[in-house]
Structure formats: C-alpha cells, structure tokens
Amino acid sequence: MLLYWIVLLPFIGSVLAALLRANARNLEAWLAGSIALACLVLTLLLYPQMAQEGVLRYDIPWIPAWGLALTIRMDGFSWLFSLLVSGIGFLVVLYARYYMSPKDPVPRFFSFLLAFMGAMLGLVLSGNLIQLVLFWELTSLTSFMLIGYWYHRADARRGARMAFTVTAAGGLCLLVGLILLGQIVGSYDLDVVLAAREEIQAHDWYLPILILVALGALTKSAQFPFHFWLPRAMAAPTPVSAYLHSATMVKAGVFLLVRLWPVLSGTEAWTWVIGTAGLLTLLIGAFLAIFQHDLKGLLAYSTISHLGLITLLLGIGTPLAAVAAIFHLLNHATFKASLFMAAGIIDHESGTRDLRRLSGLRKQMPITATLAIVAAASMAGVPLLNGFLSKEMFFAETVNVGDTHNWFMSVAATVAGAFSVCYSLRFVYEVFFGPVATDLPRTPHEPPHWMRFPVEFLVLICLVVGVLPALTIGPYLHLGVQAVLGEMTPQYSLSIWHGFSLPLVMSIVAMTCGVLLYFVLRKHFRITSREQAPLLYRFDGQRYFDQVLLSITRFAGFVESRFSSDNLQRQLLLVVVTVLLLGSVAINRTMVAVDWSLPAWDPAFALLWLVGGACAIAAAHQAKFHRLAALAFMGGAGIVTCLTFAWFSAPDLAMTQLVVEVVTTVLILLGLRWLPPRLKPKETGIQETVADRARRFRDFLVASAVGLAMAMLAWLLLTRQRGEHLASYFVERALPEGGGSNIVNVILVDFRGFDTFGEIVVLGIVSLTVYALLRRFRPAPESIPLPQQQNSASSLRPGDEAKTGSLMIPAVFVRALMPVLMLIAIYLFLRGHNAPGGGFVAGLVMSVAIILQYMVAGSLWVESHLPIRPHYWIAAGLWFALLTGMGAFVFGYPFLTSHSAHPVLPVLGEIPLPSAFLFDLGIFLLVVGATVLILVGLAHQSIRSHRMPGGKVEETTGNRASL
C-alpha cells in the first residue's frame with residue numbers, strides 16, 4: 001500500500017493546492033513541501049524491504065482478460081529515481097517558496113508542480129507498459145502547463161507549445177512501439193517483457209519497435225535532432241527548470257532506455273540508433289553551450305550534452321557502459337539542480353542572467369559563489385567531485401570499446417570533455433570574478449538562508465560522493481545496477497584513484513584544452529551580441545519547427561478552402577455523403593449471405609410506421625414555411641420511435657426517447673427566435689429558381705439514401721447469424737453479478753461502466769463548451785420582437801397566466817408540476833436497477849421540471865426562488881461516478897467493479913444496496929446539470945429586459961414572442 005500512496009499523494013496535493021486562496025504562499029509551500037517530503041519518507045521506508053526482495057509490486061486489476069492492470073512496481077533502479085524525484089522535488093518546493101513572487105498565482109504553480117511530480121513518480125514506478133505511456137504523456141501535459149506558467153509572455157507560450165508538440169508526438173510513437181512489444185511477448189507486464197530478450201530480438205518487429213521506442217525516448221530527453229525544444233523551455237520559472245533538467249522531464253527518456261536496455265540493447269541496430277544520437281547530442285550540446293549569453297541557456301545546452309553522454313553510454317551496449325550511464329544519471333541530477341538554483345539566485349538578486357553584464361559577484365555573494373563554483377567544477381569533471389567519477393568511467397568505456405580501430409570515439413569524448421570544462425569555466429569566471437558590475441538592475445546580495453539551503457545540500461552531496469563514493473552512493477548504485485542488468489552485472493570499482501591510465505590522461509587533456517579554449521574565446525564572448533555558435537548557427541531547430549507548423553497550417557487551410565464552407569448545409573452534406581460512401585463499402589461486403597425473405601409482419605405496426613413516415617415528410621415540407629408546425633410533426637415522428645421501442649420490448653429506450661423528445665423540443669423552441677423568418681415568395685418578391693429546386697431534390701435523394709442505408713444496416717444486424725449471442729451472456733449474469741434485474745441498466749452502470757463514465761465526461765465537457773459559446777453570442781436586440789402587452793414575469797403570482805404566443809398556460813399549474821415531476825424523477829431513479837428507469841432518464845425528467853419553470857415564469861422568478869447551480873451538479877456527478885469507481889481499488893478490484901450488499905434493517909427487512917446506485921446517482925446529477933446548463937443558457941439568451949414607463953423593468957422571453 002505504501003507504493004500506492006507514493007503515486008497518489010502528489011495528485012491529491014495538486015487538487016488541494018488548486019483550491020487554496022491566491023495569497024497563501026506559505027500555506028501552498030507547506031502543503032507542497034509536506035507532500036514531497038511524505039513521498040521521500042515513504043520511498044526511504046521501502047528501502048529495506050525492496051533491498052531484501054528485489055522487486056515490490058502492488059497490483060490493481062483493470063481488465064484482467066486483456067492483461068491490463070494498474071501495477072505499481074519498485075526495484076532498485078526505480079527506487080533511485082523515486083528518491084531523485086521526491087527528494088529534489090522537496091528541495092525545489094523549498095526553493096520556490098522564496099523565488100516565486102507574491103504577485104504570481106502561486107496556487108496554480110504548486111498545483112502544476114505536484115501534478116508533474118505525481119506523473120513522474122507514476123512513470124518510474126509503472127509495472128505495465130500501457131500505464132507507463134499514460135504517465136509519460138501526463139508528464140508532457142503537466143510540463144506544458146509549467147513551462148507556460150507565465151502565459152502572458154510570448155516566449156513562454158511558444159516554449160510550452162514546442163515542448164508539448166515534440167514530446168507528445170514522440171509519446172505517440174512510443175505507444176505504438178510498446179503495443180507491438182506487448183503483442184510479441186503476449187503481455188504488457190514489465191516483468192514479463194524484461195524476461196523475453198531473445199524472443200523480442202528474434203522477431204521481425206524488433207527494428208520497428210526499436211525505432212519507435214527511440215523516437216519516444218530521444219524526443220523526451222532532447223536528443224539530436226530533437227534537442228531544439230529544451231532551451232526554449234527556459235521560459236519557465238527557474239524552480240521548474242531546475243526540476244525538469246535534473247530529476248524529471250528530460251530524464252524520462254534516458255530512464256526508458258535504461259529500463260528497456262536488457263531487452264533491446266546488444267544489437268548493431270541499437271548501437272547505431274542510440275549511440276549515434278547520443279554522440280551527436282554530446283558534441284552539439286556542449287559546443288552550443290559555450291556560446292550562450294544567458295545563464296539558463298548555457299545550463300540548458302549543457303543538460304542536452306550530458307544527456308547525450310548518458311545516451312551514448314547506453315548505446316555502447318556493454319554492461320560497464322550501462323553502469324556508467326546510471327551513475328552519471330545520478331551525479332548529473334545533483335550538480336545540475338544546484339547550478340540551476342544558483343542561477344535563479346543570481347537572477348533573483350541581481351535582476352539579470354546575462355553573462356555579459358554579470359561580473360565580480362563573489363565579493364557581494366561569497367557563499368553563493370562558492371557553492372556555484374563547486375557545482376560547476378563537478379559538471380566539468382574536476383577530481384574529488386562526483387562528476388569526475390562518472391566522467392572517468394565514460395572515458396574508460398570509450399577507450400575499451402574503441403581500442404585502436406575506433407579511436408574517434410575516444411577523441412570525441414575528449415573533445416566533449418574540453419567543451420564541458422570551457423562552458424563551466426565561463427559560468428564561473430564571468431559571473432563571480434573580474435571587476436564588480438555597476439549597471440545591474442538590482443544590487444546583488446546573499447539570498448535568505450532557506451532559499452540557499454537546497455543548493456548547499458546538493459553541493460554537499462557532490463563533495464561527499466566525490467570523496468567517499470563507495471561508502472555513500474555505492475550500495476544504492478549497486479542495487480539500481482543489479483535491478484537493470486541482473487545476471488549481467490559486471491565487476492566495477494568506485495575508487496577515486498585507479499592509477500595512471502589512459503582515461504586519466506584524457507581527463508588531463510580535456511581540462512587543459514578546455515581552459516585554453518575559454519581564454520581564446522573570452523574576447524569573442526564580450527563583443528558578440530547574439531548567441532550564435534560558429535558553423536552551427538544556421539541549423540536552428542526552432543526555425544525548422546516553425547516552418548513545419550506553418551506548412552501544416554497552410555495545408556490545413558488548403559483543405560479547408562476546398563472542402564469547407566460557411567454554409568452549414570453544405571458542410572453537413574459533405575460529411576453525410578462521405579459517411580454514406582464509406583459505410584456502403586463496408587455494408588457491401590456483408591450483403592452476400594443475407595437472407596432477404598420477409599418474416600411475418602403485423603399490419604398495426606406497419607400502420608404505425610406509415611404514420612411516422614408521414615410525420616417525417618410533413619416536417620420536411622413544413623420547415624419551408626412554418627417551423628412550429630414542422631416541430632410538431634417532428635414530435636409525431638419521435639412518438640412513433642418511442643412506440644417502436646415499446647413494441648420491441650425495450651421500455652427503457654422508449655422512456656428515454658420520450659423524455660429526450662421533450663427536451664429536444666424545448667431546445668428547438670428556445671432556438672427558433674434566432675433563425676430568420678420564413679416568408680413566402682410572394683411576400684418577398686423573390687421567385688424560386690431552378691437551382692433551388694435542384695438543391696432540394698438533391699437533399700431529398702441524399703436523405704433517402706441515408707435512410708435506406710440505416711434501414712439496411714438495421715436489417716443486417718437483426719438477421720445476422722447470431723451463434724453465441726451476447727444477449728444471453730447479460731441475461732445470465734445481470735442479477736448474480738450486477739445485482740439488478742434491469743439488464744439495460746446493469747449493462748450501463750456495471751458491464752459497460754467505464755464506457756458510460758467516458759460518455760458522461762464528454763456530456764459534461766460539451767455542456768460547458770455550449771455554455772461558454774452562448775455567453776459569447778448575443779442576438780441583435782432589434783431581432784427580438786416584443787409582444788404588445790405582457791405582465792412582468794418577475795411579478796407573477798399564483799393564478800397568473802404566462803403567455804406563450806397565443807397559448808395561455810396558468811403558471812400555477814406548471815409550478816405545481818415541479819414537485820410531481822421531481823417525485824417521478826426520484827421514482828424512476830430508485831427503481832432503475834430492477835425496473836425500467838435509471839439515472840439518465842430520471843435526470844432528464846428532473847431537467848424538464850426545471851426548464852418548464854423558466855418557460856412560464858422567466859429566469860428572474862425561477863432563480864430567485866430556485867437557486868440552481870448547474871456547474872456544481874456537473875462537478876458533483878463526476879465526483880460521485882469517479883469515487884464510486886475508485887472505491888473498488890480499496891478492496892483490490894478493478895475500477896468500477898460493482899458490489900451488492902443486502903443489509904437487514906428493522907421493519908424494512910432486507911434492502912439491496914448495490915454500489916452501482918452511487919454511480920447511477922453521479923449520472924443523474926451530471927445529466928441534470930448538463931441539460932439544465934444548456935437549456936438555461938438558451939433561456940437566458942432568449943431574455944431581454946427593457947425599461948417600461950416609470951422606470952419599471954419588464955422581462956420578455958424570446959420564445960413567447962416567436963411563438
């Protein structure tokens with residue numbers, strides 16, 4: 001259960017943080033810090049058990065028949081990553097408390113940050129491939145919100161869009177690759193996949209899987225040629241940059257490569273794809289970092305380079321290279337987080353990050369300067385620091401793999417090391433040494449102690465691990481390495497001195513050349529105004545990215561200009577014809593073995609459908625002249641449909657269709673006033689042309705074809721060879737497994753509960769979207785006709801009459817319907833699990849009860865007597881449905897698993913209480929909220945207030961006037 005809470009706590013904290021008030025910066029920081037610290041403590045508490053058992057698992061069945069489950073899995077490697085994510089996350093929260101301005105929307109920041117932490121923890125602790133992709137994409141979404149946190153800035157919006165587009169596209173490739181991987185193995189369980197190395201590499205799909213997985217990992221970790229998005233993400237607040245670069249977002253790609261290293265590595269294709277990308281990224285990132293004038297830009301490109309180093313080590317494919325990759329992954333997290341926080345302190349206290357303006361800060365910020373110098377030295381690979389150890393292992397692997405035949409690998413590693421020394425020296429020398437700068441926006445000074453504490457702690461780790469690696473990081477590193485390599489774990493040493501060797505010579509050469517390179521280029525840095533690296537400045541990934549987006553936009557515009565129209569009828573015609581043609585192709589393949597013999601038919605049923613067809617034709621004819629008459633005929637066709645459902649023993653469908661007809665009629669009535677009046681040709685003086693007649697004849701043919709196609713599809717479904725019929729499955733299992741005798745309702749809230757949950761989510765989104773659109777649209781006042789005389793709806797009293805055109809309805813009668821309809825709705829809801837009814841139809845009946853009050857009394861009277869908050873109903877419905885589904889997790893069952901209790905109560909006796917009752921209650925609440933929100937939005941659009949003589953305000957409803 002502790003594993004479960006490590007992933008769940010950040011999301012709970014994210015919701016709570018979003019609910020706090022805007023000026024509660026201390027409270028937000030305490031909440032976020034407590035959550036991060038709790039995750040860190042839980043991770044540490046699990047270490048003894050994980051070290052003893054090797055792998056800890058917590059499984060929650062999802063779809064067992066398909067091999068899908070929510071699996072939280074922790075081994076030594078994922079434990080190390082959880083430690084990084086939660087530990088550095090806690091330090092980032094502490095740092096952000098002092099970095100973020102009180103004017104910033106701090107609740108939103110900490111809410112996004114905690115969600116980001118939860119997504120990353122879910123990713124590293126996923127024991128199922130599909131679940132891993134889910135959290136993978138969630139990290140892209142949450143990082144998008146964090147990078148674009150200061151959305152008023154154009155660079156933040158562009159950087160967030162670029163990061164999301166690149167990483168999400170890679171995530172789609174990863175999804176396909178992991179689905180293929182699961183198909184080869186026959187399971188998506190990570191343990192099963194990791195044990196199928198020979199089977200995977202021998203399969204014909206190995207190369208496509210490798211390419212797809214590589215696209216996902218390389219885009220996430222900003223590897224060549226996808227490295228361009230990471231520097232643009234620097235528009236995020238510095239705490240986000242520190243977290244994203246050290247322990248989370250960009251580490252997800254290399255985490256995946258390490259995670260799948262046992263099954264995908266060791267082939268020539270792996271070495272070429274992963275190794276080449278890592279080598280190019282290592283060199284390009286280091287070279288570009290040298291010429292950056294922005295502190296965060298320099299650190300961003302250095303991150304790209306170091307991630308390239310890790311990727312190259314993994315691409316080499318040897319066990320020792322994998323050990324070096326894991327070790328450097330940990331070391332990079334510590335010194336890079338501390339460097340980003342130091343850069344944020346410099347920016348926060350001096351007002352700038354421009355290296356050309358900063359100088360001599362060691363005199364004004366001596367403690368910060370010392371900390372930053374040590375962290376930069378670790379990044380450069382100076383001895384007695386943790387970065388030196390993993391860099392030496394990297395040099396050793398390039399020598400062992402390259403030997404005398406592939407010497408270019410060792411040369412490239414030495415060149416990259418020299419570049420690393422150069423940009424690290426530039427960071428240190430130009431910021432902290434030289435004359436004191438006098439033109440800074442603010443006078444630099446040391447930050448508050450607790451803002452500096454995270455940097456101090458991380459720098460201390462760099463020192464301790466660098467001096468005593470075997471005693472400090474050794475046992476934990478071995479645990480992580482063994483979790484990845486298993487029996488292939490090699491012998492390795494973490495000693496700080498291995499004697500005089502070629503890797504040591506390479507380190508000395510790299511440091512010497514790096515210092516010389518910096519002093520050669522020093523003058524160039526001061527006189528160059530643009531961040532342009534020689535040779536590579538022409539290859540701007542952002543420019544290519546923008547060109548691709550522009551090309552896609554132009555292509556979309558071309559398609560829209562050819563296949564779209566402002567005329568809604570033409571647009572619908574195109575959609576309907578396309579669906580008709582595609583459907584005809586599919587139907588044509590199944591028409592060979594169709595039995596076209598007509599069964600016995602009932603003359604009464606045929607007469608019923610003749611009436612329905614006549615109503616449909618009359619509705620189409622009357623729509624040209626009188627919309628109200630057309631609406632009445634449409635209602636007649638709907639009634640025939642209801643009777644058809646009842647005829648075929650589907651009372652649930654009949655009842656639902658009847659209420660839907662009522663709601664639809666009201667909806668159209670409220671919208672009629674927006675349409676232009678229908679005038680006869682003699683009234684307008686415009687005679688009907690041949691083109692008008694041709695258009696109507698075309699629409700008649702298309703409508704007839706679509707109707708025949710739907711009839712044919714229904715015929716094919718009803719006359720198909722049934723074999724093992726699905727209906728018998730539900731008939732046999734509805735009562736014993738679903739706890740209800742109403743099979744339709746049991747299917748909706750139990751067997752198809754997840755599908756129904758998705759549908760109500762969509763319904764809620766649609767209603768909110770419609771409401772938002774209605775708020776923006778206002779019909780022109782002159783288009784709303786006013787009745788000559790009408791009493792103010794707000795002053796109606798029992799016994800008054802509400803006028804709807806020529807229709808006179810006593811308002812007191814309609815108001816009396818309210819409690820009656822509410823009782824009917826409650827009755828239908830309570831009986832739904834065992835008899836026709838349920839939450840959906842009950843919600844519609846409740847909605848009709850409410851909207852009738854709007855029709856006869858107006859919004860002022862209704863909202864003063866019936867305070868309705870549809871948004872709250874929608875939210876409550878979603879929460880009821882979601883919590884009901886998640887309640888099954890507590891007992892170890894899949895999401896939305898239904899259970900039925902039968903308590904025996906005094907007097908009442910045995911009472912069946914299925915858990916689906918609460919899920920159905922969520923459906924009821926959401927349907928009421930969504931329907932009322934749309935209808936009330938339309939009703940408000942149909943309201944117009946105007947001032948009467950004497951200052952009295954009269955409310956007029958548009959539907960009364962239009963009818």
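The values are calculated or read from the model by the stated rules, or taken from the named source; none is laboratory data. What you are looking at is a predicted structure, and each value in this text was computed from that prediction instead of being measured. Every residue, glycine as well, gets a Cβ built from its backbone with ideal geometry; the counts of neighbours run over all protein chains shown.
Structural remarks
- Count - residues of the stretch 913-932 that are surrounded by fewer than 23 Cβ atoms within 10 Å (Cβ to Cβ), outside any strand (DSSP E or B) and at pLDDT below 85: 2
- Checked against (1) crowded, with 19+ Cβ neighbours inside 10 Å; (2) farther than 25 Å from A470 by Cα, I367 passes all but condition (1).
- Selection from the stretch 30-59 of residues that are among the aliphatic types (A, V, I, L, M) and either at pLDDT below 90 or within 30 Å of V192 (Cβ to Cβ) (or both): L42, L44, L45, L46, M50, A51, V55, L56
- Residue within the stretch 419-427 that is crowded, with 24+ Cβ neighbours inside 10 Å, closer than 17 Å to A342 by Cβ, in contact with a Cys (Cβ under 9 Å, 6 or more places away or on another chain) and not charged (D, E, K, R) present: no
- Subset of the stretch 594-639 that is touching a Lys or Arg at 6+ places or on another chain (Cβ under 9 Å) and surrounded by fewer than 17 Cβ atoms within 10 Å (Cβ to Cβ) - its residue that is modelled with the lowest pLDDT: V594
- Criterion: of a type in the set (V, I, T), more than 30 Å from Y188 (Cα to Cα) and either buried (at least 22 other Cβ atoms within 10 Å of the Cβ) or assigned by TED's automatic domain parsing to the domain that holds T334 (or both) - qualifying residue of V92, V7: V92
- Condition met for I72 (in contact with a Gly (Cβ under 7 Å, 6 or more places away or on another chain), buried (at least 24 other Cβ atoms within 10 Å of the Cβ) and either hydrophobic (A, V, I, L, M, F, W, C) or farther than 20 Å from F340 by Cβ (or both)): yes
- The stretch 622-662, subset of a type in the set (S, T, Y) and touching a residue at least 24 places away in the same chain (Cβ under 8 Å), residue nearest to L844 (Cα to Cα): T656
- Meets criteria (at negative phi and surrounded by fewer than 24 Cβ atoms within 10 Å (Cβ to Cβ)) for P231: no
- Residues within the stretch 576-593 that are assigned to a helix (DSSP H, G or I) and modelled with pLDDT under 85, tallied: 7
- Condition met for L672 (at pLDDT 85 or above and assigned to a helix (DSSP H, G or I)): no
- Comparison of A252, A269 shows that the only residue that is in a helix (DSSP H, G or I) and more than 19 Å from I316 (Cα to Cα) is A252.
- Of everything in the stretch 482-527 that is farther than 20 Å from L389 by Cβ and modelled with pLDDT under 85, the residue that is nearest to the chain's Cα centre (by Cα) is F525.
This table checks each residue for (1) assigned to a loop (DSSP other than H, G, I, E, B); (2) within 15 Å of the chain's Cα centre (by Cα).
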position: F135; (1), (2): no, yes
position: L146; (1), (2): no, yes
position: W150; (1), (2): yes, no
position: A156; (1), (2): no, no
position: A160; (1), (2): no, yes
position: F164; (1), (2): no, yes
position: A169; (1), (2): no, yes
position: V176; (1), (2): no, no
